[in-house]
Amino acid sequence: MFAVDRLILLGGVLLILGIVSSKLSSRVGLPVLVLFLLVGMLAGSEGPGGIAFENYALAHGVGTAALVMILFDGGLRTDMTTFRRVIVPSVALASIGVFLTAAGVALAARAILELPWLDAMLLGSVVSSTDAAAVFAVLRSKGVRVRQRVAATLELESGSNDPMAVLLTVACIELLLGRLTPGAGVAWLFLKQLALGAAVGWLVGRATGVVVNRINLDAAGLYPVLTGAAALLAYGAAASVGGSGFLAVYIAGVMVGSRRLLFRRGVYLFHDGVAWLAQITMFVLLGLLSFPSRLVSAAGPALLVAGTLVLVARPLAVAVCLLPFRFSAREVGFIAWGGLKGAVPIILATYPLLRGLPGAEALFDVVFFAVVVSAVTQGWTLPLTARLLRLQRPPVPEPPVTLEITSLKDVEGDIVEYTLAGDFPAARRRIRDLSLPDGALVAMVVRGQQMIPPRGSTQLLPADHVFVLLRPETRWLVDRVFSSRRAPARAGWSNVEFPLRGEARLGELETFYDIRIEAPADLTLGEFLLAQLGDPVTRGRPGKVGPVTLTVREVGDGRVETVGLSIDTPAGGLGGGHQRGEAAG
């Protein structure tokens, strides 16, 4: 068998072992990255596989490409609403928090390992970033959901703190090599990397969204390939001009994900698969690169470094960064404990090896061991920590089926899946009584393993999965019907007209939208307008009811079919109490 054939066979076997190990991970609660590393170590020169591999340059190149795809996928899935809500504390953690963590570890390394200050800071910089992908893999495997603000902060921090860790590591290496001057030289490096990385990421992300929606490709499979090429472009372009390629990739992913995309589900599935392939390849390769015999000798110092990192440096950095943002002590504790270490520190540990720094092999072994210790201890105890700190949210069952629109043209329609809880307004109501906005339609109901064709008489029950076909502009209204009544309305709703069916009853307006009109609750909007405006009712005629304006939008066979409703009050949301209107006459 030719060498290339053996290499392909070996790659397939290692990938399959990595995928199988992920199934084991979900059963034992161990972070999947640890099992991927173990697969690589078992296949390595000191394991049963006996594969001799010590090519740090290749590992660095593969790891960088893998991180590009993982970061782009993370940015792609970042919800912009969540992004805006937690951006300030997350960026504080991703910048100041990373520096404080690195400094804390450097102090410990200086005392424990007796390293020079710059070498100690290099070690701290390498281990300063987190891997929230490991965090949420563990939580999902155990069915644990934490408070949205906490989860969003961890997720956004993990996606944006890698560039800071890279910058700190590069700065320390350049200072050790004498290629960078302290003070102004370091400040200029950071400013240039962050500014150029952010600018290139924004430009590539915006341009990619426009191109994807306008290029009109004949083959649907080329759209995911196009977005993947954009990820590589963002990294390469930023790095070429002296910017942070990793920051550019993440921001490009955020910008692309914030737009409506053609073939959106296909693009997301493609990048999800590529990100998993990148993680498996990267971790297995890093496992091959390790030498267990060397790790044993590094165990003592590595345990002390890992203990300082997990128990002192990270918690103090998180507490300082989150102090101005009114996080509770329990939330701060969980975010601190949730800072699992992943592949980035191990990849960064190859930088000194490639530059030929003295003691680079010892640093790599310490970092490798510390990452494994962090992932195992924190990963196994994270679900328990969420329970002890009482930060859990009720688990949401996954629907046994999905419903989607696949289109290569931009269509004004989305399918949104809701899982009903007992306190949601739509629970225990018939579909015809939901008073959905015009343009929204219940397309499918799944109850347990049963698929129920929706009819007007179909009663929705708690735990039902309801699939709603809607126009994007009505999403915020539909969300109020199929979510908690305490959910806030869209900001700036004042003076915005939204469409409702003429058969919607006044009582339903109060139930679903907190809008009360002083008239019999069983009157429909159409009947109410006929009574107020007189017969015949023509299109465009408004009816003023206190702060509420009802405008006839569609009339058929003498009946009002569609009504535009707007409220002329100060903006602030519909959920802050009833909007009351009294009928004139």
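The values are calculated or read from the model by the stated rules, or taken from the named source; none is laboratory data. Since the structure is predicted, the reported quantities are computational estimates derived from the model, not experimental observations. Because the Cβ atoms are built from the backbone with ideal geometry, glycine has one as well, and the counts that use them run over all protein chains shown. Note: accessible area is taken over every heavy atom of the protein model, side chains too, but ligands, DNA and RNA are not part of it. Shrake-Rupley method; radii C 1.70, N 1.55, O 1.52, S 1.80 Å.
Values as computed for the structure displayed
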{"quantity": "Given (1) at pLDDT 80 or above; (2) part of a strand (DSSP E or B), number of the condition ALA463 does not satisfy", "calculated": "(2)"}
{"quantity": "Region 208-223 - residue that is over 16 Å from ARG260 (Cβ atoms) and of a type outside the set (A, V, I, L, M) and, of those, modelled with the lowest pLDDT", "calculated": "ASP218"}
{"quantity": "Members of region 511-523 that are buried (at least 17 other Cβ atoms within 10 Å of the Cβ) and either over 19 Å from ILE567 (Cβ atoms) or touching a His at 6+ places or on another chain (Cβ under 8 Å) (or both)", "calculated": "ASP514, ILE515, ARG516"}
{"quantity": "Members of region 307-355 that are closer than 29 Å to ARG179 by Cβ and among the β-branched types (Val, Ile, Thr)", "calculated": "VAL344, ILE346, ILE347, THR350"}
{"quantity": "Residue in region 324-338 that is out of contact with any strand residue (DSSP E or B) (no Cβ under 9 Å at 6 or more places or on another chain), basic (Lys, Arg) and modelled with pLDDT of 85 or more present", "calculated": "yes"}
{"quantity": "Selection status of LEU226, aliphatic (A, V, I, L, M) and surrounded by 14 or more Cβ atoms within 10 Å (Cβ to Cβ)", "calculated": "yes"}
{"quantity": "Count - residues of region 535-560 that are among the polar types (S, T, N, Q) and either part of a loop (DSSP other than H, G, I, E, B) or crowded, with 19+ Cβ neighbours inside 10 Å (or both)", "calculated": "1"}
{"quantity": "Given (1) outside any helix (DSSP H, G or I); (2) touching a residue at least 12 places away in the same chain (Cβ under 8 Å); (3) over 19 Å from the mean Cα position of the chain (by Cα), index of the condition TYR235 fails", "calculated": "(1)"}
{"quantity": "Residue, farthest from ALA302 (Cα to Cα), within region 95-112, restricted to residues that are of a type in the set (A, V, I, L, M, F, W, C) and open to solvent by 10 Å² or more (accessible area, probe 1.4 Å)", "calculated": "ILE96"}
{"quantity": "Residue in region 321-344 that is part of a helix (DSSP H, G or I) and within 30 Å of GLY61 (Cα to Cα) present", "calculated": "yes"}
{"quantity": "Where a residue in region 175-195 is touching a residue at least 60 places away in the same chain (Cβ under 8 Å) and its partner, wherever it lies, is surrounded by fewer than 17 Cβ atoms within 10 Å (Cβ to Cβ), with Cβ under 6 Å and at least six apart", "calculated": "LEU176/LEU118"}
{"quantity": "Any hit, region 141-153, residues being at pLDDT below 90, surrounded by 24 or more Cβ atoms within 10 Å (Cβ to Cβ) and among the small types (Gly, Ala, Ser)", "calculated": "no"}
{"quantity": "Leading residue by the ranking (nearest to GLY413 (Cα to Cα)) among those in region 260-271 that are open to solvent by 60 Å² or more (accessible area, probe 1.4 Å) and out of contact with any Ser or Thr (no Cβ under 9 Å at 6 or more places or on another chain)", "calculated": "ARG260"}
{"quantity": "Residue that is modelled with the highest pLDDT, among those in region 430-457 that are in a loop (DSSP other than H, G, I, E, B), open to solvent by 20 Å² or more (accessible area, probe 1.4 Å) and out of contact with any Pro (no Cβ under 7 Å at 6 or more places or on another chain)", "calculated": "PRO454"}
{"quantity": "Subset of region 231-250 (residues that are modelled with pLDDT of 90 or more, hydrophobic (A, V, I, L, M, F, W, C) and buried (at least 24 other Cβ atoms within 10 Å of the Cβ))", "calculated": "ALA231, ALA234, ALA238, ALA248, VAL249"}
{"quantity": "Positions within region 156-167 being open to solvent by 10 Å² or more (accessible area, probe 1.4 Å) and at pLDDT 85 or above, in sequence order", "calculated": "MET164, VAL166"}
{"quantity": "Members of region 353-381 found to be part of a loop (DSSP other than H, G, I, E, B) and surrounded by fewer than 16 Cβ atoms within 10 Å (Cβ to Cβ), listed by number", "calculated": "GLY356, PRO358, GLY359"}
{"quantity": "Test: residue in region 177-197 that is within 17 Å of the chain's Cα centre (by Cα), part of a helix (DSSP H, G or I), modelled with pLDDT of 85 or more and crowded, with 19+ Cβ neighbours inside 10 Å", "calculated": "no"}
{"quantity": "Residues being open to solvent by 40 Å² or more (accessible area, probe 1.4 Å) and either small (Gly, Ala, Ser) or without any contact (Cβ under 8 Å) to a residue 40 or more places away in the chain (or both) - total across region 301-311", "calculated": "1"}
{"quantity": "Residue satisfying all of: in region 5-56; over 30 Å from LEU382 (Cβ atoms) and within 30 Å of the chain's Cα centre (by Cα); modelled with the highest pLDDT among these", "calculated": "GLY12"}
{"quantity": "Residue pairs meeting the criteria (Cβ under 7 Å; at least 6 apart or on separate chains; first in contact (Cβ under 8 Å) with a residue 60 or more places away in the chain, in region 434-448; second basic (Lys, Arg) and open to solvent by 10 Å² or more (accessible area, probe 1.4 Å))", "calculated": "SER435/ARG505; ASP438/ARG501; GLY439/ARG471"}
{"quantity": "Breaking point among (1) basic (Lys, Arg); (2) surrounded by 15 or more Cβ atoms within 10 Å (Cβ to Cβ); (3) at pLDDT below 90, for ARG314", "calculated": "(3)"}
{"quantity": "Tabulated pairs, region 113-134, first over 15 Å from VAL310 (Cα atoms) and open to solvent by less than 30 Å² (accessible area, probe 1.4 Å), second modelled with pLDDT of 85 or more and of a type in the set (A, V, I, L, M), C-beta under 6 angstrom, 6+ apart or interchain", "calculated": "ALA120/ALA106; ALA120/ALA109"}
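Residue by residue, here is whether (1) at pLDDT below 70; (2) part of a loop (DSSP other than H, G, I, E, B); (3) more than 20 Å from the chain's Cα centre (by Cα) holds:
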site: LEU384; (1), (2), (3): no, no, yes
site: ARG390; (1), (2), (3): no, yes, yes
site: LYS409; (1), (2), (3): yes, yes, yes
site: VAL416; (1), (2), (3): no, no, no
